[in-house]
Structure formats: C-alpha cells, structure tokens
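**Student:** Sharing a structure below in structure tokens format, with a few things to ask.
The values are calculated or read from the model by the stated rules, or taken from the named source; none is laboratory data. Since the model is a prediction, treat every value here as computed from it, not as a measurement. All Cβ positions, glycine included, derive from the backbone under ideal geometry; neighbour counts span all protein chains shown. With ligands, DNA and RNA removed, areas are computed over all heavy atoms of the protein, side chains included. Shrake-Rupley method; radii C 1.70, N 1.55, O 1.52, S 1.80 Å.
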Amino acid sequence: MSMPSVRRVAQAFASALLAATTVTALAHDAAAADTLGSAAAGKGRYFGAAVAANHLGESAYTATLDREFNQVTPENEMKWDALEGTRNTFTFGAADQIVSHAQSRGMKVRGHTLVWHSQLPSWVSGLSATELRSAMNNHITQVMQHYKGKIHSWDVVNEAFQDGSSGARRSSPFQDKLGSGFMEEAFRTARAADPNAKLCYNDYNTDGVNAKSNAVYAMVKDFKSRGVPIDCVGFQSHFNPASPVPSDYQANLQRFADLGVDVQITELDIEGSGSAQATNYGNVVKACLAVSRCTGITVWGITDKYSWRSSGTPLLFDSNYAKKPAYDAVLAALGGSGNDGGGDDGGGGNPGATCTVAFTRTADWNDGYNGEVTVKAGSAPITGWTVTLTFTPPQKVATLWNGTPSWDSSGSVMTVRPASYNGSLAAGASTSFGFTAMKNGSNTTPTVGTCTAS
Ligand code: XIL
C-alpha cells in the first residue's frame, strides 16, 4: 500500500469514528422524542405516507419523511397514466426514484395501483374487450415484474364499487367490457407476476359497515371461498365533517380481518384542525391497534402544503412541517413518548421490564455476512423490546427477519423492534432476529447497543 492510500484509509477511519459518534448522539435524541415509524414498529405495524417524487428534492420534505415514516406509497407515480401512457411503453423513472429512496432507508413500499378507472390513459378506454383484457394483464405483469421483490403489497384493484346503497360495481372500461370477472382475473394475473407480493383490494367509503363495504365484504368472502388470491383490503379513510370517522370503524376492520385477510389504513387524511382533528386521528390509530390483522397505517401525504385537499389541512404536519396536535395524538395512540425529552418507555406501563442482547455472526462470505441477535427478557415478562445496531458505512443491511427495522437519516443506525409475533417474552425467555449485511468493502462487526424493554 503506498503512503497516500495509507493516509486516505487513516482519514476515512477518523471520519468514520466522528460519524459514528454523531450518529449515536442523534439516535439518543430520536429515542427520547420517538417518531411515528418507530412507535408503530413497537406495535408490530408500519406508519407510512404517500410521497410525490417531485418533492424529494425539498430538504424539509425529505427530512420529515426519513425521520418519521417507515413505509411509503407513491401518490401518483405508479398509476396507469404515469407508467404506461402509451401502450406497452413503460416509464418507471419517477416511481423508481421513490422506490430506491425507500429501499435505501428500509422503508416498505405499497404499490398503488394496477387497475383503476381513474388516471387511466385514453388509449385503454378505446380498446375492444379482447384487447382490453390483454392490455390489463400485460400492464399488471410488466409493472409487477419490474418491481418484483421491492413492493410489500399491491393495490391490485382500486375503487371498483359504486357509492350509495346499490352495492353494485362501478362503471369503468374494465367493468363495462369485461364484466365483474375482471377483478378475479386481475388478482390471478397479479399472483402469477409476483407470487411474493401481498395482493390487496382498496377503496373509500368502505370504512364503516354500509352497503358499499358489504359489497366488498361479499367479494372478499367469495374470493376466499373459491381460492382466488387476495391477501389484504385497504381502507382509504379520507374523512371530513361530511364523511366522519364511522363509529363502527374498528368493527368493520375486524369483520374483514375475520375473513382471513390483513387490513390496512391506506390513505388516511382527516380535514379539520386542533383538538377535534387530533381526537379523530387518535381514534383511527386506536382502531387499527385493536385489530391484530391491521398491519399498518399510511397518511395521504406528509404536509398540508402538498395535500390533495390542502384547504382542509388534513395531515399531521402543517405547511411549515411543524407537528400538529393530530401528530401528538397519533404518536400517543401508538405508545410513543412525545417530545418531552423524558424517557422512552412508552408511558412507563411495565416498570420492571428489562432485557439483554447477544450478537453472533452466523455466516460470512466475500461480500456479506449474516448476523443473529438474541434478545432475552430479564426477571420480569416483557411486551416489547428495542435494539439499536450501528453499522460501519458503506455496509448496508440487505434483509432482516423476525424483527421490524427502522433507520436514522444516515442509514447506518438500525433500530430493531419486534415483528408482530415476538414482542412478548416470558421472564428469562428469548427470541432472535437475523439479518444479512453487504460488506461493501468493510468487514467491521456492528456495534450493538443495550436492549430496552417495555
Ligand atoms: C389522488 C392524488 O392524491 C392526487 O394528487 C391526484 O391528483 C388524484 O389522486 N383515492 C386514491 C388515490 O386511491 O390514488 C387518490 O390520490 C385519492 C383518492
């Protein structure tokens, strides 16, 4: 090794040390304040936001996204008009930008949406039935294969039912030319295109028990009984005074979950302000947490400034990215600690809870290694745990199992909370999570922080 390169290595080492120190300090701040994503992860859920690619260059937008959320849904970039404006010519650029931003930070991505009557290019509506069928199947297949392995759930069909009391299917090129069977065909095509993605039906005005949600319920029940692939149902949850949070919201989520599908709140926004808005938001979060198959919540945007219904100020951050009372209500409902700078034990509900942590490398190869982290409860039972691992850049975690990761903005500090099934441990009992890290030239073992129990 020549002298200059030795110096370069030494400099890199010194700045890595500096970076590691800074990162640790940040991580402590984050733990005290808590965030939506980390609080939701503590409950085995994600907390996400709809994201627009054209705002990712705005530092306050991206900083808020990266700090608070661990799931994203592209707001418009994966719609048919955005991806296939011309038949069989696919333009993935803007959607890819969101996906790679999310992936590099360990955020999940919901694909939205494959088959929908709206934001549909006019060439699709002009096709004959035979051509439409093949265009629909081609669209689903091409898009899903492009994103294979990168999308946790797809809204395969969006908004296919009419509002009001009829319970009928909405008129659309798909419904009108292919008949109701288009939905079954879309789901079957989607399963074949990416067998590992969760396949969802998504709609609005289906949040409470009513004629429209009854019609969706009947369809899901029918799909389940005939083995048509469906894994999840999304409830958009766009609320305002004319369309408030229904009193039977939780019961409605639960009856769908009881059919054997996961449920998610996919496009939450609630018009209003102050404590009334905050109470509504808190109630929505509590309803999801009360349904074990409600696996995550996505708000339809980050800031009121860019909301699709901006004048109704329906989101959690105001147009200057300040946290609103609704934010505090959501964080509190998720068991987060708020901004008081105090402890981060989720409200001190389990005072005797402690845990310890042990790390082993279980496999090693040229450019990667597997790590296994065992979490052991102390002398009292625990209901949750948090472990922080600090990696040496440019190492990257490629995949993680049996835990829910979230990342700080540097991408080097990974906070892991339980998966939906391994947060509760009896006194002295243990559980393990594992991950694969890409070395990218660094073979350093991550620093494992102390275990925090709740
Ligand atoms: C909205 C976007 O937020 C707007 O930017 C766009 O102009 C229209 O679509 N239901 C859905 C979402 O499934 O895709 C819609 O998003 C909101 C209603």
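**Student:** Counting only complete DSSP H runs, which helices of the chain cover 27 Å or more along their long axis at the Cα atoms and score a mean Kyte-Doolittle of 0.5 or above?
**Tutor:** Taking the DSSP H segments of the chain (at least 27 Å long, mean hydropathy at least 0.5), we get 3-33.
**Student:** To continue, here is another question. What FRET efficiency would be calculated for the residue pair N440, S59, taking the C-beta separation as r and a Förster radius of 35 Å, to the nearest 0.05?
**Tutor:** On the way: r = 26 Å, r/R0 = 0.74.
Computed FRET efficiency for N440 and S59 comes out at 0.85.
**Student:** Just to confirm my numbers, what's the Cα centroid distance between region 148-223 and region 293-310 in Å?
**Tutor:** 21 Å
**Student:** Once R0 is set to 25 Å, what does the formula 1/(1 + (r/R0)^6) return for the Cβ-Cβ distance between S171 and A192, expressed as a FRET efficiency to the nearest 0.05?
**Tutor:** Approximately 0.35, to the nearest 0.05.
**Student:** Once Rh is set to the Kirkwood radius over Cα pairs, what Stokes-Einstein translational diffusion coefficient, in µm²/s, holds for region 192-343 at a temperature of 10 °C and a viscosity of 1.306 mPa s? Mind showing how you got there, number by number?
**Tutor:** On the way: Rh = 16.2 Å.
Taking Rh from Cα pairs, D becomes 98 µm²/s.
**Student:** Would you mind checking region 362-378 for residues with the amide N under 17 Å from a putative spin-label position 7 Å along Cα→C-beta of S430?
**Tutor:** 362-363, 371-378
**Student:** Tell me, what is the FRET efficiency for S273 and N214 to the nearest 0.05, using R0 = 30 angstrom and their Cβ-Cβ distance as r?
**Tutor:** Approximately 0.35, to the nearest 0.05.
**Student:** Right, another one. Write down, largest first, the equivalent ellipsoid semi-axes of region 393-442 in whole Å, where each equals the square root of 5 times an eigenvalue of the alpha-carbon gyration tensor.
**Tutor:** Its equivalent ellipsoid spans semi-axes of 25, 11, 9 Å.
**Student:** Heavy atoms of the protein only, probe of 1.4 Å, neighbouring chains included. What is the accessible area of M219 in Å², nearest 10?
**Tutor:** 10 Å²
**Student:** Under a no-solvent Debye model with one identical scatterer per Cα of region 72-161, what's log10 I(q)/I(0) at q = 0.14, 0.22 Å⁻¹?
**Tutor:** So the normalised log intensities work out to -0.47, -1.09.
**Student:** Could you order the peptides 430-441, 100-111 from most to least packed, using the average number of other C-beta atoms within 10 Å per residue?
**Tutor:** Going from most to least packed, we get 100-111, 430-441.
**Student:** Let me ask you something else. Given the -39500 (n - 2.57) contribution per DSSP H run of 4+ residues, what per-residue ellipticity at 222 nm results for the chain, rounded to the nearest 500 deg cm²/dmol?
**Tutor:** -10500 deg cm²/dmol
**Student:** Considering the chain, what Rg and Dmax in Å follow from its alpha-carbon atoms?
**Tutor:** Answer for the chain, Rg first and Dmax second: 22.9, 79 Å.
**Student:** Right, something else. Over all distinct alpha-carbon pairs, what is the Kirkwood Rh of region 129-271 in angstrom?
**Tutor:** It works out to 15.7 Å.
**Student:** Which one of T354, A322, A333 is farthest out on the positive end of the charge dipole of region 203-359, using unit charges on Cβ (Lys, Arg +1; Asp, Glu -1) and the Cα centre as origin?
**Tutor:** A333
**Student:** Could you pull the accessible area for K324 with a 1.4 Å probe, rounded to 10 Å²?
**Tutor:** Its accessible surface works out to 20 Å², give or take rounding.
**Student:** Check each of the chymotrypsin sites (Phe, Trp or Tyr not before Pro) in region 126-194 and keep only those in coil by DSSP with at most 12 other C-beta atoms within 10 angstrom; list them in order.
**Tutor:** Qualifying residues, ordered by number: none.
**Student:** Let me ask something additional. Rolling a 1.4 Å sphere over the protein heavy atoms, what is the accessible area per residue of region 24-130, to the nearest Å²?
**Tutor:** So region 24-130 comes to 36 Å² accessible per residue, rounded to a whole number.
**Student:** Something else now. How much length, in nm to one decimal, is gained on full extension between D364 and S420, taken as 0.36 nm per residue of separation minus their Cα-Cα distance?
**Tutor:** 17.3 nm
**Student:** For region 182-244, how big is the tail of P(r) above 19 Å, as a whole percent of Cα pairs? Before the final figure, lay out the partial values.
**Tutor:** Details: 718 of 1953 pairs.
Tail of the P(r) past 19 Å holds 37 percent of the pairs.
**Student:** Quick one: accessible surface of D176, probe radius 1.4 Å, all protein chains present, in square angstrom to the nearest 10.
**Tutor:** 100 Å²
**Student:** Evaluate the Kirkwood expression for the hydrodynamic radius of region 231-304, namely the inverse of the mean inverse distance over all pairs of different C-alpha atoms, and round to one decimal in Å. Write out the running numbers ahead of the final one.
**Tutor:** Working: mean 1/r = 0.0802 Å⁻¹.
This gives a value of 12.5 Å.
**Student:** If you build the convex hull over the alpha carbons only and average its shadow over all orientations, what do you get for region 279-437? Give it in nm² to one decimal.
**Tutor:** Answer in nm², one decimal: 11.7.
**Student:** Return the carbon/sulfur percentage of the accessible area of the chain, one whole number, probe 1.4 Å, all protein chains in place.
**Tutor:** 52 percent
**Student:** Quote the relative contact order of region 220-311 in percent (integer), defining contacts as alpha-carbon pairs under 8 Å separated by 6+ residues.
**Tutor:** About 30 percent, as a whole number.
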